[in-house]
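The values are calculated or read from the model by the stated rules, or taken from the named source; none is laboratory data. These figures come from a predicted structure and were not determined experimentally. Cβ placement follows ideal geometry from the backbone for every residue including glycine, while neighbour counts extend to all protein chains displayed.
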Amino acid sequence: MSSRKAWGLLALALALVMALPLGVCAQDKVIKIGAMYPMTGRPGLYGLDSVAAAEMAVAEINAKGGVKGHKLVFINTDSQAKPDLAVQIAKRYISSENVHFIFGEVSSGAGLALTEVSNQYKKIFIGTDHASTQLTSDKLQPYYFRVSNNTFQSMAAGALYLKERQQSKPWATLAYIGPDYAYGHDQWNELKYNLDRFGVKYKVVGEYWPKLAAPDYTAFITAIMKDKPDILVAGLWGGDTVAFIKQALPYGLFQKMLYFSPDGGGNYELMSATGDELPVGLALSGRHHNNWPDTAANKKFVQDFFKKAGRYPSYAAEGAYSGIHAIAQAVEQVGNPSDTEALVKAFEGMKIKLPEDPEGFTSYIDPLTHQIVQVQAIGETVANKDFPPATRMLGNWKVYKAEEIMPPVEYLKDHSSECLKGRLPK
Amino acid sequence: MDLSSLLVQFVSGLSTATLLFLVASGLTLIFGVGGVFNFAHGSFYMLGAYLAYTFVATVKLNFWVGALAAALGAGILGMLAEALILRRIYGRAEEGGFQILLTYSLILIIDDLVKLTWGTEYKSLSRPPGLGGALVMGDLVLPSYNLAIIGVGLLVVVLAWLVLTRTRAGRIARATALDRETLGVLGINVPLTMTVIFGIATALGGLTGALAAPLRSVTPGAGIEVIIDALIVVVLGGMGNFWGAWLAALLLGEVNAVAVAVAPEWASLFSYLVMVVTLIFKPEGLFAPRQVRKV
């Protein structure tokens, strides 16, 4: 080795040693958030939208000087929506990245795996997009909080929608199609539970369970047409909704029954992918809408996202954005991102104004289930060119009160984890 | 179930089967002739769908011209992949394992390239003009575009039969499947033959993707969604058996269509059951030729 090279290496080593304590010092004044989102494959769009919106929130907060002198630091690793991979990443975040919060995930499978890690390491996990009700009932643990609505809330709103519809346009029969995994089955069970709870009379004439990401629905479509339901409830999401609707069009399915998809069926990517082909009059919803509520805060969120990403957001984005703001608000109150137990208290019952809140309502976290309580709106597809490339958006909204659609205590009694059981009223 | 709904389900099955066969045809062709198991075949299907989107929605070509251009594009990319990457591992000991790893890595690479080129937003094409509707006869609804796809499937089968049995190129291809070394001694450019066959196989994949684009959502990862079913078809038909793949696709399409109508809660089980039973009792595939290819 030449002496010059040796000096160079020595200098480098010295610089590293000197940098080390500085790094540790700097870390004392940050709030570090370790996120897991899929960046690839079909759920990749949700992951990319979530990360863009989370970064947007981080930039907003840091531009105002951070939180009590702490800067927010957001890191993300591609989880491919796989539970085992997400667990690996979360453990690395906790053991070597010293994160204060774990964050994210589109897939409920990954969310359920991560909540175990969160409980084991007593590290707060903020769920932003996965919808399985189990996370805030059967599998609730003290360090989990969710800032987007779950399938129970969507399905309770859905049941109220169907109840009202029965009075205006009488219907009697339902068929269901949903992906053959927990998410698909949960939605159907929760819808039936809520229909029964609200005293709606109905008859089920067909239940269909295609595989997730099945490319071809032709056989399902013809079988559903034969059942002739008044309402087709769909638990499909993302590309599956797009494929089903496109394939069902020439069969005239949408003229013969109401297509009803109140949880994930009304996500913006459906409108942007199908354009003019999307029939009007489908009843859909999602976890956030680009054109509802018509408030300054929602418009600002949607336009800021458009400026940053060059496209309008799918609903995953607003969940991630909300999650970052919830963390900032909790740390603002507690003053220390490492005081986990105090932070848990701060999240429980937190009131937080979010883009998806209509005038006169503020979202809050239910201290019992750690689930965010929000207003739900279900809309119909109508012509609307304000959010290109979509030429249809949802409109003719029906709005459901936040408290009406939360799981009642009787439901929670049958679906409670140890942690939740202790808190339920006797 | 009455006769008319059975007929409706049968036609549904036929349309499902045709797309299944078209994906599987390229996969089984390259396996039969070249002995290559191309796990990334679905990615060429996806590339076909994206290329068709560009040619039809952006460049505004006629749909059918755009679909052919997309097939050509997928074929050229396939030939590049074969000539630059896959060719290097031919003849290695344990080649099969290397093939799977190498073509699996191709899936990931192509997925990311697609994401960089087209973004992650879902893309979708409309059906070609004039084929958006359906033929309606009482309860029987036959979407015109699905009928067109069934027609294309038949055309591919007939064309492939003519080329493989009636032309010199077809004879070379069949000979490549049997004995590459002797073929080389006879003065045939075997590496070029392999590249061209790989190109034809990936072009078939690309064509299928283009045809499926108006029916499905075009997203990154779409390749993975079709590869498993295509693989089942290839195995059922007898690995490398072109006609077997056609029959197996028909069988699976129909089993699925009837199962969905009769026992919807178990529908997805049936196609796997058919495969399991086949693998146990006729492991060479339902439609394997009597002479099994010697290694």
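Couple of notes before you dig in:
- Any hit, the stretch B:130-141, residues being surrounded by fewer than 13 Cβ atoms within 10 Å (Cβ to Cβ), more than 7 Å from chain A (Cβ to nearest Cβ) and part of a helix (DSSP H, G or I): no
- Output for the stretch A:86-110, where each listed residue is within 13 Å of the chain's Cα centre (by Cα) and under 20 Å from A:HIS325 (Cβ atoms): A:PHE103, A:GLY104, A:GLU105, A:VAL106
- Restricting attention to the stretch A:207-222, the residues that are in contact (Cβ under 8 Å) with a residue 12 or more places away in the chain, small (Gly, Ala, Ser) and at the interface with chain B (Cβ under 7 Å from one of its Cβ atoms) add up to 1.
- Of the residues in the stretch A:241-260, at least one is touching a Lys or Arg at 6+ places or on another chain (Cβ under 6 Å) and within 14 Å of chain B (Cβ to nearest Cβ).
- Which listed residue is under 21 Å from B:VAL157 (Cβ atoms), touching a helix residue (DSSP H, G or I) at 6+ places or on another chain (Cβ under 6 Å) and surrounded by fewer than 21 Cβ atoms within 10 Å (Cβ to Cβ), from B:ILE232, B:ILE197: B:ILE232
- Filtering the stretch A:103-129 to residues that are surrounded by 24 or more Cβ atoms within 10 Å (Cβ to Cβ) and farther than 20 Å from A:VAL344 by Cβ leaves A:VAL106, A:SER107, A:SER108, A:ALA110, A:ASP129.
- Residues of the stretch A:389-426 that turn out to be free of Cβ contacts under 8 Å to residues at least 40 places away in the same chain and either out of contact with any helix residue (DSSP H, G or I) (no Cβ under 8 Å at 6 or more places or on another chain) or among the β-branched types (Val, Ile, Thr) (or both), as a count: 11
- Residue check for A:LYS228: within 14 Å of chain B (Cβ to nearest Cβ), surrounded by fewer than 19 Cβ atoms within 10 Å (Cβ to Cβ) and on the phi > 0 side of the Ramachandran plot: yes
- Restricting A:SER338, A:SER322, A:SER314 to residues that are in contact with a Leu (Cβ under 7 Å, 6 or more places away or on another chain), within 22 Å of A:VAL58 (Cβ to Cβ), assigned by TED's automatic domain parsing to the domain that holds A:TYR37 and part of a loop (DSSP other than H, G, I, E, B) narrows the list to A:SER314.
- Candidates B:GLY78, B:GLY73, B:GLY32, B:GLY48, filtered to the one that is over 18 Å from B:ALA212 (Cβ atoms) and outside any loop (DSSP other than H, G, I, E, B): B:GLY32
- The set of residues from the stretch B:20-40 being within 14 Å of another protein chain (Cβ to nearest Cβ) and either touching a Leu at 6+ places or on another chain (Cβ under 7 Å) or at pLDDT below 90 (or both) comprises B:LEU20, B:LEU22.
- Single residue of A:LEU258, A:LEU249 found to be among the hydrophobic types (A, V, I, L, M, F, W, C) and either free of Cβ contacts under 8 Å to residues at least 60 places away in the same chain or within 20 Å of B:SER268 (Cα to Cα) (or both): A:LEU249
- In the stretch A:392-426, the residues that are more than 20 Å from A:PRO262 (Cα to Cα) and either of a type in the set (S, T, N, Q) or in a loop (DSSP other than H, G, I, E, B) (or both): A:HIS415, A:SER416, A:SER417, A:GLY422, A:ARG423, A:LEU424, A:PRO425, A:LYS426
- Qualifying residue in the stretch B:160-177 (condition: among the aromatic types (Phe, Trp, Tyr) and either within 11 Å of another protein chain (Cβ to nearest Cβ) or farther than 19 Å from B:THR18 by Cα (or both)): no
- Some residue of the stretch B:222-245 being facing another protein chain (nearest Cβ under 9 Å) and β-branched (Val, Ile, Thr): yes
- Matching residues, the stretch B:88-127, being aromatic (Phe, Trp, Tyr) and more than 12 Å from chain A (Cβ to nearest Cβ): B:TYR90, B:PHE98, B:TYR104
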